Amino acid sequence: MFEYGHCLHKQKKANASNHILERALKYSSDPMILNIMGKNNQQEGDFWAAEECFIRSTNRLPGRIYPYYLLAKLYVEPAFYQPEKFKKMKQIVLTKKPKVPSTAIREMREELIKLSSTVLY
């Protein structure tokens, strides 16, 4: 169900994707389900629902950096602009020690540093 929901997400079929991923949540506690649902909600302009999904994801596995990164990106959306929350999430992403250092984490950090130069506090 996760793979199918993720494929629908990639096809920009957010509502269908979330419908499948809601079912997947009944069988799995994988936080990536919530991350994809949050991205779907963000794509549809439902920023409050996106925030809720990303926060739920951070609660499931607080050691993961990716959902904090997604929250930071959400908070710089022009229609949902929240500079203080962005600053807090950026700080978490930049300082949280990854379980395994990777290129993806380095790229997320670099992107948030670049974004912070455009954010007005």
Average accessible surface area per residue within the stretch 47-121, 1.4 Å rolling probe, Å²: 61
On Cα atoms only, tilt of 83-95 relative to the major axis of the chain in degrees: 90
Residue with peak Gaussian network fluctuation, the chain [Cα springs, cutoff 10 Å], from A104, A50, A16: A104
Per-selection Kirkwood Rh - the stretch 48-89 (Cα, Å, 1 d.p.): 10.2
Eligible lysines near K13 by straight Cα distance, threshold 24 Å, same-chain separation 8 or greater: K26, K39, K73
Extension reserve of the E52-E22 stretch, reckoned as 0.36 nm per residue once the Cα distance is removed: 9.4 nm
log₁₀ of I(q)/I(0) at q = 0.10 Å⁻¹ - the chain, Debye sum with one point per alpha carbon: -0.30
Label-point separation, A79 to Q43 (7 Å along Cα→Cβ), nm: 1.4
The stretch 45-111, accessible surface, carbon-and-sulfur percent (1.4 angstrom probe): 56
Sites matching chymotrypsin sites (Phe, Trp or Tyr not before Pro) across the stretch 1-69 that sit in DSSP coil, with at most 12 neighbouring C-beta atoms within 10 Å: Y27
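The values are calculated or read from the model by the stated rules, or taken from the named source; none is laboratory data. Source: prediction; values computed, not measured. Note that we place each Cβ from the backbone using ideal geometry, even for glycine, and neighbour counts take in every protein chain shown. The protein model used for the area step is the full one, side chains on, heavy atoms only, and it has no ligands, DNA or RNA in it. Shrake-Rupley method; radii C 1.70, N 1.55, O 1.52, S 1.80 Å.
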